[in-house]
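See structure below.
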Amino acid sequence: AFDVTLEYELSKDLELLDLLVSIPIPPDAQHTITSAEVGQASYSRREGVLQWSVPLVDSTNASATIEFSVAACGSPDAIFPINVSFSSRKTMCELEVTEVLSVDDNSP
């Protein structure tokens, strides 16, 4: 058995919407969700993943953790890859479009 603490930290002045962290749990493994500081944590038997969902990540909850344990699992590697998805109303990095050209004839 092993214990897992997973943390997110919002490092910029951003707002993330519908954060979903999906952690695969092997079908033969037993798991216990100890705590989720924000949002909801649940296990989807159909998908075989522990899901941590946070509707909004902003300055009021810029960091948070989830803690869970997994038993009867051969290796900690079995809980990878972890999938993370979210959306944002702002771009994540500064981007400037200087020109747009046609694919057909390279015209502006």
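From the list Ala1, Ala41, the one residue that fits, being farther than 17 Å from Val84 by Cβ and out of contact with any His (no Cβ under 9 Å at 6 or more places or on another chain), is Ala1. Exactly one residue out of Glu15, Glu47, Glu67, Glu37 is of a type in the set (D, E, K, R) and in contact with a Pro (Cβ under 9 Å, 6 or more places away or on another chain), and it is Glu47.
All of the numbers you see were taken from the coordinates with simple rules; none came from a lab. Owing to the predicted nature of the structure, the values given are computational and were not obtained by experimental measurement. Cβ: placed from backbone, ideal geometry, glycine included. Neighbour counts: every protein chain shown.
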